[in-house]
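S.K.: Handing you this structure, nothing more for now.
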Amino acid sequence: MADSVETAVLEVSSEYKTSVMKKQDSKETDIMSNCSASLEGSVVASPSIESFSTLPDQDMSEFGLDSRDLQVKVDNPQKHLETLETYITFRITTRTSRAEFDETEYVVRRRYNDFVWLRQKLVDAFPTHLIPPLPGKHTLLAQLDRYSKEFIIARMALLHRFLNRVANHPVLSCNQSVKVFLTAKPSEFAIHRKSRQGLLGRMSSSFHNLAAVYMMRQRPAEFDQVRDYVATLGDKLLSVEKVSQRIQKERQDYLYELHQMHPIYTLWSASEPELSPALLAMASAVERNAQSQQHVLVTFTTTIAQPLKEYLLYIDAVKEALARRDSVQIEYELTVDDLKKKRIEKEQLMANEQQSVGASGGGFSLGGTSLWKSAGEMREDKLQKLAQSIPQLVKQVEENQDKVECANENLRADLERWHSEKKNDIKKLFLALANQQIKYYEQCLAAWEEVLPDIKGGDISSTQSKPVHVTS
Amino acid sequence: MEDNKMKEGFLEKGNANFESRVYEKKDSLLDHMEINVIEAEKRENGALNIRDFYTVYLIETKVTDPEFNGAFSKISALWRRYSEFELLRTYLEVTYPYVVLPPLPEKKVMYTWQKVASDTFDPDFVDRRRAGLENFLLRVASHPVISHDHLFIGFLQQEEGWRESIKETGYLQLAESKLKALSVSVRLKQPDKRFEAIKNYGNELQSNLSNLLRVRARMVERLYGIHKLHANYGRIFSEWSAKEKEMGDGLQKAGHYLDSYAAGIDIPLEEEELFADQLKEYLFFAGALQSVCRRQEMLQYHLERAESAVASRTTEKDNVQKGKTGLMTRLFGSADTDEVRELKVNLLDQRIQEGKSSIRNAQEELNDFAANALIDIERFQHQKVIDLRETLAGYVVLQVKMCRKGLQTWTHIRDCLEAIP
């Protein structure tokens, strides 16, 4: 997994010849790989009640084999009780060999809202890039308590994924806010959080609104296709989510009945001296089936529900990025229109010059002096203004055109990475589902095969009187 | 220890360990004849313009033993409807009250779930009933006592006149009174411990089987739901695969396997209904067992009443002899003369003698019944163990099959997904 991430980074960011690239190319044996073992081993056991250091399976090993120049890990949740509120923080561990970082290792604590802040910063800074999604505020399973272990673990896993995606992104990871997030001490960080840089955010959102009203001339076909594809994908995943929930419910009911059944066999065996071993064997097989089914039920959240939910969020992030790209295009088109309008106005005014030579000013005079300027004077004013604004607009149009091309490039690159990432993630999701079922059937098969000899009994009397059952 | 054995109704013969006990197989009709219920047909009762439909079942028999001459004919085939089976069974019940009589397949479908046909004309239901009726006939035909009954053989082979000959036995009148008596519960002074134990066992068997059947039906309903929901996955995957380049193939193939996972549950669950039918048979068998116990109680009740009648007459006679008079004479009349007294005593003596002979008869009836019943109950228990073992084994084999199938399908699905580049 680490390898593929790395190569993708190398391909896409071919234009970005920064110091970052150089570091990646050299792939020096940094202190990272040496440190990894020790750091992993020395996981700090926090004194708080709910602290644990569980991570999604593969990432533990990744950290050791990882040769990325920026590695991040989210773990070790802790509950903080303050006078006004209670909240959870997570430990963020960073290891880096990048030059712009003063140290090679950082450990900070951040809470969910800090992640929200970071994401907003990234959206503001890179409106035309695909920013990975965050888990929602009341995410996953509505019925889970915000402080329940499952909820916290689930949220932590998603935050970990988010941060890793950011860290692996050649452009996003270089952002100042990211550095601040990963390294700043609590007091320092608080200052950054408070500083207002909302203007840009507000501007981009107003363009969003505009996009709703204004119809773009022609979205590039490729983005139209992406838009359609993403909509379909979102649809399908949503349907899968619904079906999986219905199946889950049915399984719960099935499990209930299994738990009703095996005690009946046990009870029955008490009144049947001869059949007792057979009946007890049945009871045990049914009970084992129940346990296997229980396991399927319990792993539903982590195997299916959570990854699905995350992908739906990711699809929303893609839609947002597409919308932001659209708004850049709209901005450009608006300035083009504006320029056109002004040029036409100028031509019209020039054309009128010949006609209205002797026109007197309109309006009435008050004490001999006219209050309004003459038509000619007005025209002169206008032409003057236009003479200034038109060149400005021309420059603006050029800038915006660049912006559009840039935005398209950025998004294109990000989408390409996303496509392959998505394919792997979805493949992994459904494979997990299939493997879970395979394990379930293997266990049940074993349970039934093992009791068959006990039931058949193998007593002598069975050979004498044949059973009378009709097997049609 | 003794109680345990009694509970199963087994007669203790020395220290025989049941496991190694040799069970005598007695001769029955089935040793000489083949019996099949091969078909069912819908018929119409066109009388009086009322379209009344009913189903008839074709019974075929063939004598397989050339030396056997207890049959009406070597080969026969005739149609009977369910109500005629009921007639037969009622007749057998009245005629052989000590036998744990094989039950008929259920009249109305019990412990059902959505896929089980409950309409009596549904072809699935009819076929299961056909199988149940065949099973009933085979059980009766393999019974050492009742299989030799002429009216039973007549049922199998005698097309014309069977209904008349059965009515001639007058069993109907007997049936009404006897069956009515069964519903009354009696309090015995000294209940027979053996039959008490058997009755309790019967209750437990009924309770366990009915619970099992109920839960199984609900369980199967859920399992059905789980499988069918996967067809939704299949549909989604198929539609989705069209929009994907690299994932398309894998998704489509996986989708097909998901569809087959959903469809693949139908046949195994149909097969599992057979298991349910076998359990139901034993549920009804438990009822037959209870009937035998109640008949024993009735007989014992009659005996006890006869005994107490004689006891009171004897007391009365004593009183008369000692000159003690009843209330009435003290109020109204004179004391008895010697003549009158002697008359009374003689009358009472007569009654007492009659009563004593009644007691003897009742005792004999009870003893015969008890002896026969216990033998048949032992036969029943023996057969029950064999049958239930087979039923349970069949269920487990079916479960193994279903697991293997599920495993195979999901392995295919996994392979399709793994093949995605």
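The values are calculated or read from the model by the stated rules, or taken from the named source; none is laboratory data. The shown structure was predicted, so the numbers you read here are calculated from the model rather than taken from an experiment. All Cβ positions, glycine included, derive from the backbone under ideal geometry; neighbour counts span all protein chains shown.
S.K.: Any chance the stretch A:452-461 includes a residue that's within 7 Å of another protein chain (Cβ to nearest Cβ) and modelled with pLDDT of 90 or more?
M.R.: Yes, because at least one residue in the stretch A:452-461 is within 7 Å of another protein chain (Cβ to nearest Cβ) and modelled with pLDDT of 90 or more.
S.K.: Would you mind telling me which numbered condition in (1) of a type in the set (Val, Ile, Thr); (2) over 30 Å from A:PHE430 (Cα atoms); (3) within 7 Å of another protein chain (Cβ to nearest Cβ) B:ILE375 fails?
M.R.: For B:ILE375, the failing item is (3).
S.K.: For residues that are surrounded by 10 or more Cβ atoms within 10 Å (Cβ to Cβ), within 14 Å of another protein chain (Cβ to nearest Cβ) and modelled with pLDDT under 50, scanning just the stretch B:11-43, find the one that is farthest from the chain's Cα centre (by Cα).
M.R.: In this case the residue turns out to be B:ALA16.
S.K.: Mind telling me which of the residues A:ARG246, A:ARG251 ends up being within 9 Å of another protein chain (Cβ to nearest Cβ) and surrounded by 20 or more Cβ atoms within 10 Å (Cβ to Cβ)?
M.R.: After ruling out the rest, the residue left standing is A:ARG251.
Listed here are the residues, each with its yes/no results for (1) more than 10 Å from chain A (Cβ to nearest Cβ); (2) assigned to a helix (DSSP H, G or I).
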position: B:ARG214; (1), (2): no, yes
position: B:GLY225; (1), (2): no, yes
position: B:GLU244; (1), (2): no, no
position: B:ASP259; (1), (2): yes, yes
position: B:PRO268; (1), (2): yes, yes
position: B:ASP277; (1), (2): no, yes
position: B:TYR282; (1), (2): yes, yes
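S.K.: Continuing with this model, one more query. Any chance the stretch B:44-56 includes a residue that's at pLDDT 75 or above, within 14 Å of chain A (Cβ to nearest Cβ), in contact with a strand residue (DSSP E or B) (Cβ under 6 Å, 6 or more places away or on another chain) and over 30 Å from B:LYS178 (Cα atoms)?
M.R.: No: zero hits.
S.K.: Hey, another quick one. Filter the stretch B:334-360 down to the residues that are of a type in the set (S, T, N, Q) and either under 30 Å from B:PRO102 (Cβ atoms) or not in a helix (DSSP H, G or I) (or both) and list them by number.
M.R.: B:SER334, B:THR337
S.K.: I've got another one for you. Out of curiosity, is B:LEU151 within 11 Å of chain A (Cβ to nearest Cβ), part of a helix (DSSP H, G or I) and either over 30 Å from A:PHE430 (Cβ atoms) or in contact (Cβ under 8 Å) with a residue 12 or more places away in the chain (or both)?
M.R.: The answer is no for B:LEU151.
S.K.: Could you look through the stretch A:220-236, keep only residues that are more than 9 Å from every other protein chain (Cβ to nearest Cβ) and touching a helix residue (DSSP H, G or I) at 6+ places or on another chain (Cβ under 7 Å), and pick out the one that is surrounded by the fewest Cβ atoms within 10 Å (Cβ to Cβ)?
M.R.: A:PRO220
S.K.: Okay, next question. Give the residue that is nearest to the other protein chains (Cβ to nearest Cβ), with candidates limited to residues of the stretch A:272-282 that are buried (at least 20 other Cβ atoms within 10 Å of the Cβ) and among the small types (Gly, Ala, Ser).
M.R.: A:ALA278
S.K.: Look at A:LEU267 and say whether it is surrounded by fewer than 19 Cβ atoms within 10 Å (Cβ to Cβ), on the phi < 0 side of the Ramachandran plot, within 11 Å of chain B (Cβ to nearest Cβ) and part of a helix (DSSP H, G or I).
M.R.: Criteria met by A:LEU267.
S.K.: Please tell me if B:ASP387 is more than 7 Å from every other protein chain (Cβ to nearest Cβ) and charged (D, E, K, R).
M.R.: no
S.K.: Out of the residues in the stretch A:416-451 that are aromatic (Phe, Trp, Tyr) and within 7 Å of another protein chain (Cβ to nearest Cβ), which is farthest from the chain's Cα centre (by Cα)?
M.R.: Residue satisfying both the conditions and the ranking: A:TRP448.
S.K.: Taking the criterion of being buried (at least 18 other Cβ atoms within 10 Å of the Cβ) and within 30 Å of B:GLN399 (Cα to Cα), would at least one residue in the stretch B:156-170 satisfy it?
M.R.: no
S.K.: Looking at A:GLN294, A:GLN306, A:GLN348, which is the one that is closer than 25 Å to B:ARG222 by Cβ and surrounded by fewer than 16 Cβ atoms within 10 Å (Cβ to Cβ)?
M.R.: A:GLN294
S.K.: Where residues in the stretch B:193-212 are buried (at least 18 other Cβ atoms within 10 Å of the Cβ), at the interface with chain A (Cβ under 9 Å from one of its Cβ atoms) and in contact (Cβ under 8 Å) with a residue 40 or more places away in the chain, which of them is farthest from B:LEU283 (Cα to Cα)?
M.R.: Per the criteria, the residue is B:TYR201.
S.K.: Right, something else. Could you list all residues from the stretch B:114-148 that are in a helix (DSSP H, G or I) and either of a type in the set (Lys, Arg) or more than 17 Å from the chain's Cα centre (by Cα) (or both)?
M.R.: Selection gives B:PRO123, B:ASP124, B:PHE125, B:VAL126, B:ASP127, B:ARG128, B:ARG129, B:ARG130, B:ARG139, B:HIS148.
S.K.: Another question, if that's okay. Looking at the stretch B:320-356, which of its residues are among the acidic types (Asp, Glu), modelled with pLDDT of 65 or more and farther than 18 Å from B:ALA309 by Cβ?
M.R.: Answer for the stretch B:320-356, where residues must be among the acidic types (Asp, Glu), modelled with pLDDT of 65 or more and farther than 18 Å from B:ALA309 by Cβ: B:ASP338, B:GLU339, B:GLU342.
S.K.: Could you say which residue among B:ARG89, B:ARG163, B:ARG130, B:ARG81 is touching a strand residue (DSSP E or B) at 6+ places or on another chain (Cβ under 6 Å) and away from chain A (no Cβ under 14 Å)?
M.R.: B:ARG81
S.K.: Among all residue pairs at least 6 apart or on different chains, which show Cβ distances below 6 Å where the first residue, located in the stretch B:66-77, is surrounded by 13 or more Cβ atoms within 10 Å (Cβ to Cβ) and the second is in a loop (DSSP other than H, G, I, E, B)?
M.R.: If the second residue must be in a loop (DSSP other than H, G, I, E, B), the pairs left are B:PHE68/B:HIS32; B:PHE72/B:GLN158.
S.K.: Can you name the residue in the stretch B:391-421 that is surrounded by fewer than 21 Cβ atoms within 10 Å (Cβ to Cβ) and of a type in the set (Gly, Ala, Ser) and, of all such residues, is nearest to the other protein chains (Cβ to nearest Cβ)?
M.R.: Looking at residues that are surrounded by fewer than 21 Cβ atoms within 10 Å (Cβ to Cβ) and of a type in the set (Gly, Ala, Ser), I get B:ALA393.
S.K.: To continue, here is another question. Yes or no: the stretch A:344-362 includes at least one residue that is among the β-branched types (Val, Ile, Thr) and either modelled with pLDDT of 85 or more or in contact with a Gly (Cβ under 6 Å, 6 or more places away or on another chain) (or both).
M.R.: yes
S.K.: Let me ask something additional. Restricting attention to the stretch A:398-420, and to residues there that are surrounded by fewer than 18 Cβ atoms within 10 Å (Cβ to Cβ) and in contact (Cβ under 8 Å) with a residue 60 or more places away in the chain, which single residue is farthest from A:LYS340 (Cα to Cα)?
M.R.: That would be A:SER420.
S.K.: Test each condition in (1) farther than 26 Å from B:GLN408 by Cα; (2) in a helix (DSSP H, G or I); (3) within 11 Å of another protein chain (Cβ to nearest Cβ) for B:GLN300 and report the one that comes out false.
M.R.: (3)
S.K.: Given the criteria of a type in the set (Ser, Thr, Tyr), in a strand (DSSP E or B) and crowded, with 20+ Cβ neighbours inside 10 Å, does A:THR89 qualify?
M.R.: no
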